[in-house]
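**Q** I have a structure I would like to understand better, so I am pasting it below and will then ask my questions one at a time.
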Amino acid sequence: MSIPNIITFLRILAVPLAMYMILTGNMVWAFGLFVAAGLSDALDGAVARMCRARTVLGGYLDPLADKALIVGVYLALGYVAQIPLWLVMLVVFRDVMIIAGVILLLTLRETLVMQPLYLSKVNTVVQIALAAAVLAPPALGLPDFHLFGLELVEALVYACAATTVASGLLYARRASLLFNRVGGVK
C-alpha cells in the first residue's frame, strides 16, 4: 500500500461516519468530513504524481472512494429529505450500472483502463457542489443561496439530474461498444 492508496482508503472509511453525522443532524461534522474527503482526494492525487506512486490499485480505489462518498452522502441526504429521493435513486443507479459494467468486463478478462468521460467529471463536480450547497448553510450558518431566480440547491438538483442521465447514457454506449468487441460482434 502506497501513501496515496492509504489516503484513499481512509477516505473510504470516512464515508459511514459522514453518513452518520448527516443522519443525526450534525451538519458541522458532516460538512467537515465532506470537505476533508475532498481535500484528501486532491492530496492523494498530488502525492501520487509528485512521488511517482501511481498504482493499478489506486486507479481502481480512487474512483471507488469517490463513488462511495457521493452515494453515501446522497443516501443520507435523501433519507433526511434534504435532496429528492428520485435524484438519489438516479445517482445510485448510474453508479451501480458503471460498477457492474466494470466487474463484468473484468470477469470477461478484459483489460480496462479506468478513464472517466469528460461529462462524468462535470457530473462529479455538480454532485459535489450539490452536496456542499446542502451541507454548508446549516454547518456554517449561511443563508440559502439563489441562482437565476432559483434556490442554488434546486438549480443544482436539475443540473445533477441532467448530467447524471447524460453521462449514464454515454457510459452505456461505451459499454455497448466494449461488450460488442468482447463478444466478437462488430
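**Q** Which entry in [x] -0.28, -0.44, -0.53, -0.94; [y] -0.22, -0.34, -0.42, -0.82; [z] -0.25, -0.40, -0.48, -0.93 is this structure's computed log10 I(q)/I(0) by the Debye sum over Cα atoms at q = 0.08, 0.10, 0.11, 0.15 Å⁻¹?
**A** Comparing each candidate, only [x] matches the computed number.
**Q** Using the Cα gyration tensor of region 121-186, with a ≥ b ≥ c the square roots of its eigenvalues, what is the shape: rounded (a/c below 1.5), prolate (a/b larger than b/c) or oblate (neither)?
**A** Prolate shape, in that a/c is at least 1.5 and a/b is the bigger ratio.
**Q** Further question on the same structure: How far is it, in nm, from the label point at Phe148 to the one at Leu104 when both lie 7 Å from their Cα along the line to the Cβ?
**A** Here the modelled spin labels are 3.4 nm apart.
**Q** Can you compute the label reach from Val165? Point 7 Å from Cα along the Cβ direction, backbone N cut-off under 20 Å, restricted to region 59-88.
**A** Under cut-off, by backbone N: 83-88.
**Q** Sort out for me the Cα centre separation of region 125-143 from region 19-83, rounded to whole Å.
**A** Taking the Cα centre of region 19-83 as reference, the centre of region 125-143 is 14 Å away.
**Q** Given the rule -39500 (n - 2.57) for each run of at least 4 DSSP H residues, summed and divided by the residues of the chain, what is its mean residue ellipticity at 222 nm, to the nearest 500 deg cm²/dmol? Intermediate values should be presented prior to the final figure.
**A** Working: 6 runs with 146 residues, N = 186.
Calculated mean residue ellipticity at 222 nm is -27500 deg cm²/dmol.
**Q** Treating the angle as unsigned and between 0 and 90°, give the value, to the nearest 10°, between the Cα long axis of helix 85-107 and the longest Cα principal axis of the chain.
**A** For 85-107 against the chain, the angle is about 20 degrees.
**Q** Tell me which residues come under 5 Å, amide H to amide H, from Ile83 once H is placed; ignore anything under 5 positions away on its chain.
**A** Gly78
**Q** May I pose another question? Quick check: pseudo-label points 7 Å beyond the Cα along Cα→Cβ at Ile3 and Thr55, how many nm apart are they?
**A** Each label point lies 7 Å from its Cα, and together they span 1.4 nm.
**Q** Ok, one more. Within 10 Å, count the other beta carbons around each residue, average over each peptide in 7-15, 42-50, 19-27, and list them highest first.
**A** Taking the mean over residues of other Cβ atoms within 10 Å, the ranking is 7-15, 19-27, 42-50.
**Q** So if each residue of separation counts as 0.36 nm, and I subtract the Cα-Cα distance between Ser176 and Ala42, what length gain in nm does that give?
**A** Answer, rounded to one decimal: 45.1 nm.
**Q** So, one more: Taking the solvent-accessible surface of protein heavy atoms with a 1.4 Å probe, what is the per residue accessible area of region 98-158 in Å²?
**A** Per-residue accessible area for region 98-158 comes out at 61 Å².
The values are calculated or read from the model by the stated rules, or taken from the named source; none is laboratory data. Predicted, not measured: the structure shown is a model, and the values here were computed from it. Positions of Cβ are generated from backbone atoms using ideal geometry, with glycine treated the same way; all protein chains shown enter the neighbour counts. Side chains are part of the model used for accessible areas, which takes the heavy atoms of the whole protein and leaves out ligands, DNA and RNA. Shrake-Rupley method; radii C 1.70, N 1.55, O 1.52, S 1.80 Å.
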